[in-house]
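Heads up: the structure comes next, in structure tokens.
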Number of protein chains: 2
Amino acid sequence: MEKIGFLLLLLVLAVTLTSVFGEKGLEFPSHDGKDRLINLSKKNFNRFLKKFDILVVYFTVPHDANDKYLAKQWQLTEEMLELAAQITEREGVGFGVVDLEKDKKLAEKLDKTEAGAIYAYKAGHSVEFDGQRSTDVLVEFVLELDEYPVEEINSKTEVQGFRRDESTKVIGYFESNTASGYDEFVDAAHDFQPVISFYAVFQKLLARQLGLTELNQVDFYEPYMKKSIVIPGETPLDNTVIEKFVQEHKRATLRKLRTMDMYETWEDDINDIHVVAFADETDPEGFEFLQLLKEIAHIHTDDPNLSIVWIDPDDFTLLHDYWERTFGIDLSEPQIGIVNVTDADSLWMERRKSRLPTMAELEKWISDVLSGKINTEDDDDDFNLD
Amino acid sequence: MEKIGFLLLLLVLAVTLTSVFGEKGLEFPSHDGKDRLINLSKKNFNRFLKKFDILVVYFTVPHDANDKYLAKQWQLTEEMLELAAQITEREGVGFGVVDLEKDKKLAEKLDKTEAGAIYAYKAGHSVEFDGQRSTDVLVEFVLELDEYPVEEINSKTEVQGFRRDESTKVIGYFESNTASGYDEFVDAAHDFQPVISFYAVFQKLLARQLGLTELNQVDFYEPYMKKSIVIPGETPLDNTVIEKFVQEHKRATLRKLRTMDMYETWEDDINDIHVVAFADETDPEGFEFLQLLKEIAHIHTDDPNLSIVWIDPDDFTLLHDYWERTFGIDLSEPQIGIVNVTDADSLWMERRKSRLPTMAELEKWISDVLSGKINTEDDDDDFNLD
């Protein structure tokens, strides 16, 4: 998240119950009561950093103990962190808290100023957790971070699996996993794990199938793009070259909102505006609309001014009512619109005879958005096909 | 769930926080404090059944108010139900509670005896919610139930979407959506919504692409099977014929554990035993293992004694540590084993040189499981390839 000084947190209770009935094997855990959260300070930080494979740090500020609301928020946050710590303990993961006021020195050393932020420290790298504040999503993030940062591709089936991965991905072809270029590649992967996937291939035949013709070639894929971009530079590429390229190219023309990095995506708006598309991929009409969006993305892939955030409403059922009310739309049908992130003001493309727009209609709408003809500041001027 | 008289519920707090920062548009809701849960009785039940499009009913028994543990469980359950009721209120969904002791007459009328069970009543049908006890999963279930029970396929792209749906599915070819056979089909769909998807096609050309040659033909697809089974009977098929067929065939050779019906799947063991496979589909090796499992399922599709439960660990991160400890396995690699659901005792196929098993090795293991040579009662006789 951006450094904005202070994050006010509203909390929602989501209850997960374990049904203990005849059958066994699906018992959800509850906190066992053991305190695992460490009070971190400048004095003990390096010790705990060494002790754990991953150290997850929550940054906070002191709250007025008499403020019932804030006290409740903190209690719920603690429960989230304690349960996540319990579940990941055996993987060598530690959880700590840094008070931005009381542990000012440590906060300065870590260069952190934002209360409510969560960072994970691993192997000399730090990654922000900018996803949904719930135990399951935080645990997913930590478990994925705990894996080796590069996935090896060793068979034709694994090539298929790679092709099916439609998120942002990076792939390199190396002599072996001891090649110096590979080390640089792994180093770069650490900076993006687990949000962007890094793959490596060591077999010439598989590399060719993947379009990697030269040793030490590293390719970058935007989400939903079949064609890759070769990361330019003198090979073997330095980790900083890879990192810089990925940083500069990671805002995709079409990207899916994911619980694991939802806030990072949302904060990456263009002039306060997001083009947002709702489509349920498992619904035939939603699937069809998504294919249109992918075509649009193919056409506009080189336009830095277009980035469509695709939201599958099934991934965010808790936000269903909020979105329908705030945006004034029906989420049981595919929708596309623009959202102003400063006030959640929005404008949505009209559906004609409740059918999907044609490619031409969608292209026209997109170009009107890009030209500013369609904007959220001019609500009476709704887009109309007639 | 089976009727076992009383469900003891263990609850876990999962905290979802809304970060209210600069950007707007992703605010998670919290309970607004309004009581929406209805105390249902024999007297008022029909009135509320009429009032709501969907009535979700939680069955409970009185608890000792002095028992702090039970009081806390009930408080968390109420919070789950209240928030779900708030989120789905605008869709015409009501939430009620039936006390199995105090409202004995209503419980008898509804033929319910199990505390902790959740049923949804819609359009004269009732469907059990047998999924994870958390607000998001319950809301997902209700929202999917709120849609029309049959999806229409109207284009080639939608045919593609249908093919990509790898869950259990039923598809019918009808003259139009006013044909009598279609009415029966919709009626049958209501009994399985939202757990099993029903599709309909009205265009001859699209029907042919889907292998539906005769009007009123209804096909059933097991998960991961490219070939369908024509549901036998005199056409147009009566809803009871479709229902009976789906009931009898819904235990698939390979099925994915889903949060929405996880307990239903888990209770559907064969002689207390599940064959369980863990594979992370987004991991190259996990993807490859899943392809092996699909091949196995193709080969054994007619064997009623084989049903493999595939679990993608990413869908159940809260259970990660519990499974690793209980089963003694490493979930970062694909695993296959047998689990006894009476005591969670389990036995897992050994990995040789930490590589995936070959098809022949997997086939051998499966046949040893089916013959009883591999079983959880004989732990020292671990499967060994040597």
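When Lys and Arg each count +1 and Asp and Glu each count -1, what net charge do the other residues less than 11 Å away from B:T326, Cβ to Cβ, add up to? Walk me through the intermediate numbers first.
Values: positive: A:K24, B:R325; negative: A:E27, B:D321, B:E324, B:D343, B:D345.
Cβ neighbours under 11 Å give a net charge of -3.
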Please give the total accessible area that chains A and B bury against each other, computed with a 1.4 Å probe and expressed in Å² to the nearest 100.
8300
For A:K34, go through the aspartates and glutamates and keep the ones whose alpha-carbon is under 13 Å away, minus same-chain ones fewer than eight residues off.
A:E78, A:E79, A:E82, A:E89
Listed residues A:V61, A:V246, A:V170, most fluctuating in chain A (Gaussian network, C-alpha, under 10 Å)
A:V61
If the cut-off is a Cα-Cα distance under 22 Å, which lysines reach B:K43, setting aside same-chain residues fewer than 8 apart in sequence?
B:K51, B:K102, B:K104, B:K105, B:K109, B:K112, B:K122
Rounded, prolate or oblate for chain B? Axes are the square roots of the Cα gyration tensor eigenvalues, ordered a ≥ b ≥ c, and the cut-off for rounded is a/c under 1.5.
oblate
Of every hundred units of 1.4 Å-probe accessible area on region B:260-356, the number belonging to carbon and sulfur atoms, as a percent, is 42
If all Cα-Cα distances of region A:233-386 are sorted into 10 Å bins from 0 onward, what percent lands in each bin, rounded to whole numbers?
10, 39, 35, 11, 5, 1
When you have a sec, figure out the Kirkwood radius of region A:136-239 from all distinct Cα pair distances and drop it here in Å to one decimal?
13.9
At each listed q (0.08, 0.10 Å⁻¹), what is the log10 of I(q)/I(0) that the Debye formula gives for the protein assembly as shown modelled as equal alpha-carbon point scatterers?
-0.72, -1.21
Alpha-carbon centroids, region A:282-338 and region A:40-55: separation in whole Å
42
Of the residues B:L110, B:L26, B:L290, which exhibits the maximal mean-square fluctuation in a Gaussian network model of chain B defined by a 10 Å Cα contact cut-off?
B:L26
Accessible area drop of at least 50 Å² (1.4 Å probe, protein heavy atoms): which residues of region B:263-291 qualify, relative to the chain alone?
B:Y263, B:W266, B:P284, B:F287, B:E288
Find the centroid of the Cα atoms in region B:92-159 and in region A:63-139, then give the distance between the two in whole Å.
37
With every protein chain left in place, what is the accessible area per residue of chain A in square angstrom, probe 1.4 Å?
43
Selected from B:D280, B:D330, B:D67 as most flexible by GNM, with chain B as the system and alpha-carbon contacts under 10 Å
B:D67
Averaged over its residues, how many other protein chain Cβ atoms are within 10 Å of peptide A:84-92's Cβ atoms?
3
As an exercise, take the mean of 1/r over every pair of distinct alpha carbons in region A:260-303, invert it, and state the Kirkwood radius in angstroms.
12.1
Among the DSSP beta bridges whose two residues both lie in chain B, what percent are antiparallel, rounded to the nearest 5?
50
Please compute one quarter of the surface area of the Cα convex hull for region A:65-121 and express it in square nanometres.
4.6
Counting only DSSP beta bridges with both residues in the protein assembly as shown, tell me the antiparallel percent, nearest 5.
55
What translational diffusion coefficient, in µm²/s and rounded to a whole number, does the Stokes-Einstein relation yield for region B:23-105 at 25 °C and a viscosity of 0.890 mPa s, taking the hydrodynamic radius as the Kirkwood radius over Cα pairs?
173
Share of accessible surface on carbon and sulfur in region A:114-211, whole %, 1.4 Å probe and ligands ignored, is 43
Relative contact order, percent, chain B [alpha-carbon distance under 8 Å, six or more residues apart]:
12
Estimated [θ] at 222 nm from DSSP helical runs (n ≥ 4, -39500 (n - 2.57)) normalised by residues in chain A, nearest 500
-10000 deg cm²/dmol
Under a cut-off of 30 Å between alpha-carbon atoms, report the lysines in cross-link reach of B:K227, not counting same-chain residues fewer than 8 places apart.
A:K156, A:K226, A:K294, B:K156, B:K169, B:K204, B:K244, B:K250, B:K256, B:K294, B:K364
I need the Debye-formula profile for region A:145-189: one equal scatterer per C-alpha, no solvent, reported as log10 I(q)/I(0) at q = 0.30, 0.33 1/Å, two decimals.
-1.23, -1.25
Considering all projection directions equally, how large on average is the shadow of the alpha-carbon convex hull of region A:182-292, in square nanometres?
8.7
Among the trypsin sites (Lys or Arg not before Pro) within region A:214-265, which fall in a DSSP loop and have no more than 16 other Cβ atoms within 10 Å of their own Cβ?
A:K226, A:K227, A:R251
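The values are calculated or read from the model by the stated rules, or taken from the named source; none is laboratory data. This one's a predicted model, so the numbers in the text were calculated from it and none came from an experiment. Backbone-built Cβ (ideal geometry, glycine too); neighbour counts: all protein chains shown. When the accessible area is computed, the model is the full protein with side chains, heavy atoms only, and any ligands, DNA or RNA have been set aside. Shrake-Rupley method; radii C 1.70, N 1.55, O 1.52, S 1.80 Å.
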